[in-house]
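Please read the structure below before turning to the comments.
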Amino acid sequence: MTSISRVSVTEAAVRVIDRLQAEYGDLMFHQSGGCCDGSAPMCFQLGDFQIGSSDVLLGHIHGCPFWMSEDQYDYWKHTHLTVDVTPGRGASFSLEIPMGIRFLIRSRLLTAEEVTSLEAPATGV
C-alpha cells in the first residue's frame, strides 16, 4: 500500500529547498494563516519560528518539518497540500523571498480512502 501524506513538494520546490539548505542549514516550514502574504508556506531556518502547543505537524517535505496552526488545520484537514514555487516576490519573511520567487500551496481534496488511511498529525510543544 502506498503511504498517504498530507503534504508533498514539487521538484521545482525541492531545488529551491536544496539551495536554501546549502546557505542556511536545516529548514522548517509553517503554513501562514493569512497575515502579510495571505495563506502562504513560510520557510525558516529550523528553530527560527517558534512552534506553539496548538501547531500541527502535517509531515515533512524534503526532510523539513511542515507545521500549520490548529485553527487552519481544522479548515484544511481534508486537503492534500503540495508546496511549489512561482516567480514573484512575496511580502513575507520567508527565506526564498530575496531569490525573486515564493513558495505557494497547490491543494486537492483527499479521497475518502485517503482520509481513513491517515494518521492523526502530531501537535507542537
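Among the residues of region 99-114, how many are open to solvent by less than 50 Å² (accessible area, probe 1.4 Å) and farther than 18 Å from M28 by Cβ? Please lay out each step first, then the result.
Of all residues in region 99-114, those open to solvent by less than 50 Å² (accessible area, probe 1.4 Å) come to 100-101, 103-105, 110, 114.
From what's left, farther than 18 Å from M28 by Cβ: 100-101, 110, 114.
Number satisfying all stated conditions: 4.
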> What are the pairs, 6+ residues apart or on separate chains, where a residue within region 13-24 that is closer than 17 Å to T82 by Cα has its Cβ under 6 Å from a residue that is surrounded by 13 or more Cβ atoms within 10 Å (Cβ to Cβ) and at pLDDT 95 or above?
Replying inline: A13/V83; A13/D84; A13/V85; V14/H62; V16/V85; V16/E96; I17/H62
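Quick grid of which residues meet (1) on the phi > 0 side of the Ramachandran plot; (2) basic (K, R); (3) part of a helix (DSSP H, G or I); (4) over 17 Å from the mean Cα position of the chain (by Cα):
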site	(1), (2), (3), (4)
Q72	no, no, yes, no
L81	no, no, no, no
T86	no, no, no, no
L95	no, no, no, no
R102	no, yes, no, no
S107	no, no, no, no
E113	no, no, yes, yes
E119	no, no, no, yes
>> Is it the case, given these coordinates, that G47 is in a loop (DSSP other than H, G, I, E, B), among the small types (G, A, S), touching a helix residue (DSSP H, G or I) at 6+ places or on another chain (Cβ under 6 Å) and modelled with pLDDT under 95?
In response: no
> What is the number of the single condition among (1) without any contact (Cβ under 8 Å) to a residue 60 or more places away in the chain; (2) closer than 30 Å to E113 by Cβ; (3) over 9 Å from the mean Cα position of the chain (by Cα); (4) open to solvent by less than 30 Å² (accessible area, probe 1.4 Å) that H30 does not meet?
Replying inline: (3)
> Mind checking which pairs have a first residue in region 85-98 that is more than 16 Å from Y24 (Cβ to Cβ) and free of Cβ contacts under 8 Å to residues at least 60 places away in the same chain and a second that is open to solvent by 70 Å² or more (accessible area, probe 1.4 Å) and in a loop (DSSP other than H, G, I, E, B), Cβ under 9 Å, 6 or more apart or different chains?
Replying inline: G90/C36; A91/C36
> Exactly one of (1) of a type outside the set (G, A, S); (2) modelled with pLDDT of 95 or more; (3) open to solvent by less than 80 Å² (accessible area, probe 1.4 Å) is unmet by D37. Its number?
Replying inline: (2)
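The values are calculated or read from the model by the stated rules, or taken from the named source; none is laboratory data. Small disclaimer: the values here were computed from a predicted structure and weren't measured. When we count neighbours, we look across all protein chains shown, and the Cβ atoms used for this are built from the backbone with ideal geometry, even at glycine. What goes into the accessible areas is simple: the full protein's heavy atoms, side chains included, and nothing from ligands, DNA or RNA. Shrake-Rupley method; radii C 1.70, N 1.55, O 1.52, S 1.80 Å.
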